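The values are calculated or read from the model by the stated rules, or taken from the named source; none is laboratory data. Values in this document were obtained by computation on a predicted structure and should not be read as measured data. No Cβ is skipped: glycine too gets one built from the backbone with ideal geometry, and neighbour counts run over all protein chains shown. These accessible areas exclude ligands, DNA and RNA; they are computed on the full protein's heavy atoms, side chains included. Shrake-Rupley method; radii C 1.70, N 1.55, O 1.52, S 1.80 Å.
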Amino acid sequence: MNFSYFTKRPVKVISVGLFSFLLIYMLLNVLPFVKGRTIETYGPSQAVTKASLDLNTYNLDVDFNPDNRELSCTQILAYTNKSGDALDRLFFHIYPNAFKYEEKTPFFREDFKMAYPEGFDPGSIDIISIQEANNALDYRIRGYSEEVLEVFLAEDVKPDESLDLEIKFKVYLPNCLGRFGYGENTFNITNWYPILAVYEEGGFVTYPYFPIGDPFYSEVSNYRLKVTAPKGYQMACTGQIKSFTEKDNKNIWDVEAFAVRDFALVFSDAFKVSKRRAGRTMVYSYYFNEDEGKKALKYAKDAIDIFNKRFGRYPYESFSVVEANFFIGGMEYPNLVLIDSSLYREDSLEHLELVTVHETAHQWWYGLVGNNQIEEAWLDESLTEYSTLLYYKSKHGTKKMEKMSESILGEGKYKGLNIYTKGETIDETIHRPVHRFSDWITYDLLVYGKGAMMFQALEGDMGGAQIQRVLKRYLADNMFQIATFEDLLDASLAETGKDYREFFEIWLYDR
């Protein structure tokens, strides 16, 4: 089955100049006081600032109505065509429609009751209008669950030309405990707005929302949001809150995020919040259970300190760990991770630490170094699971790391494959698209378990100091970009002088 839609014809636009960008940036960063309350502004790193100067920018005005479980939004995308081709249309993912039809939701049947404990409830996105230069544009909605938006431009936009595309839309939240939806305490608003599909090899890549893995693929962009919600609600989000005001019984936030791969929001009227600094990053913990919430904060803070030293400094101003009504365990977004509320218990602290650290490691492998999470899911997941073990070694020592390794890779993961398959021989290929895995357990055992064992074996071959240099180079060479297996091979070769292709292929493919 062909899961991608492509358009070969390259499309026209109005330029957003560098001067305007810098002016807006300066204005937003000289507003440290609002209504007598100090807004923390540390300033993005030079790496983020430099990367942000040549990116598309999403400007969003969002009005959150919890009573109706909906968002009313206007999005203006300042887009520049960097494809090298003239384009007559643009493609966007509109992921909320994956939750529109019961038979097409991105969950396996065995997970359905956990996702919808109250029974199926639809979620969706309604495109109201699309304009460019005050002219209405034609569009159509397509894809397996109507999760692809195709916008026809009035004129071709040529390479390096720009346009401002306005999309008005509404988002309807389902009563769902997955990535997108709401439960008793939180509204998880992720993968929620029209996000531009990646353009490569002459076309836009528009995969559906598969029920396995993290089936999202996007390039870094800049975001500026004005978000309005009823008074009493708190918001955790990607990026930095630049100002906060209260007006007419409403809370209003101005948020910006430079050079991030996506943008997530979580609302609750019951959040407690704590914070600690890790290097130049302020780490926030949003929680309902104070003891466990503060422990999650420490796990995340320690993880950032450790990964800063091992891989390279996290360049963003803020990072948030958010307790959420979320049955999947943990999920990463730029500057924010969701953690299942059921882990915030005294008897689940070991799992809370494990999941928090794993999702924090994704801030490097997925966030800073992107990859096609559908075609090469192992590239971030295997490396993230290996990074989690490095955290345990750095924080708790070799014995604890070995214990955790046996737990999450041995009995708990890859070595449990034979038990799960009841001794039957299966395809153990790691390097394959997510839609070629039959279930979550096999995917987990291979991509996380066997994949992390591969990186442990690589460390055994290279040595600890050498693999650390390789990963630092891999990060430095591919930060804010989309990396591939070839980029990891290049970093390995550059640091060791050895071609590791055969080593990786022995592990990645079933032979």
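General observations
- Calculated from backbone phi, Karplus (6.51, -1.76, 1.60) coupling profile of region 272-279 in Hz, x at Gly/Pro: 9, 9, 10, 8, 8, 8, 10, x
- The three principal axes of the Cα atoms in the chain give end-to-end lengths of 61, 52, 48 Å, sorted in falling order.
- Members of K272/K295; K170/K231; K170/K226; K275/K472 lying beyond 18 Å, as alpha-carbon distances in this model show: K170/K231; K275/K472
- Hull shadow area, averaged, region 155-239 [alpha-carbon convex hull, nm²]: 8.3
- Anisotropy class of region 198-268 from Cα gyration tensor, a/c 1.5 cut: prolate
- 3J(HN,Hα) along region 88-104: 9, 7, 10, 10, 10, 7, 10, 4, x, 5, 5, 9, 7, 10, 4, 6, 10 Hz, from the Karplus curve 6.51 cos²θ - 1.76 cosθ + 1.60 with θ = phi - 60°, whole Hz, x for Gly and Pro.
- Between amide H atoms placed 1.01 Å from N, distances below 5 Å from D439 occur with no residue 5 or more places distant or on a separate chain.
- Using the 1.4 Å probe convention, the accessible area of region 106-235 works out to 37 Å² per residue with neighbouring protein chains retained.
- Distance between the C-alpha centres of region 237-273 and region 446-511: 37 Å, rounded to the whole angstrom.
- Cα centroid separation - region 107-156 against region 361-406, whole Å: 33
- Cα-based shape type of region 304-418, given that a ≥ b ≥ c are square roots of the gyration tensor eigenvalues and the cut on a/c is 1.5: rounded
- Peptides 340-350, 221-231 ordered by average Cβ neighbours within 10 Å, highest first: 221-231, 340-350
- The calculated 222 nm mean residue ellipticity attributable to helices in the chain amounts to -8000 deg cm²/dmol, summing -39500 (n - 2.57) over DSSP H runs of n ≥ 4 and dividing by all residues.
- Nonlocal amide H pairs with Q481, under 5 Å, H built at 1.01 Å: G370
- Each residue of region 119-124 is assigned a 3J(HN,Hα), and the resulting list reads x, 4, 9, x, x, 6 Hz, derived from the Karplus form 6.51 cos²θ - 1.76 cosθ + 1.60 (θ = phi - 60°), x at Gly and Pro.
- Relative contact order (%) - region 149-190, alpha-carbon pairs under 8 angstrom, separation at least six: 18
- Accessible carbon and sulfur surface of the chain relative to its total accessible area, %, 1.4 Å: 48
- Taking the Cα centre of the chain as reference, the dipole from Cβ charges on Lys and Arg (+1) and Asp and Glu (-1) amounts to some 1500 debye.
- Computed over region 234-378, relative contact order equals 22 percent, with contacts defined as Cα pairs under 8 Å that lie 6+ residues apart.
- Per-peptide packing, taken as the mean over residues of other Cβ atoms within 10 Å, places 200-209, 105-114, 186-195 in the sequence 186-195, 200-209, 105-114 from highest down.
- Residues whose amide H comes within less than 5 Å of that of L336, counting only those at least five positions distant or on another chain, are S320 (H built at 1.01 Å from N in the peptide plane).
- For region 353-511, size of Cβ-based charge dipole, Lys and Arg +1, Asp and Glu -1, in debye: 580
- Dipole magnitude (debye, nearest 20) for region 82-132, charges at Cβ of Lys, Arg, Asp, Glu: 100
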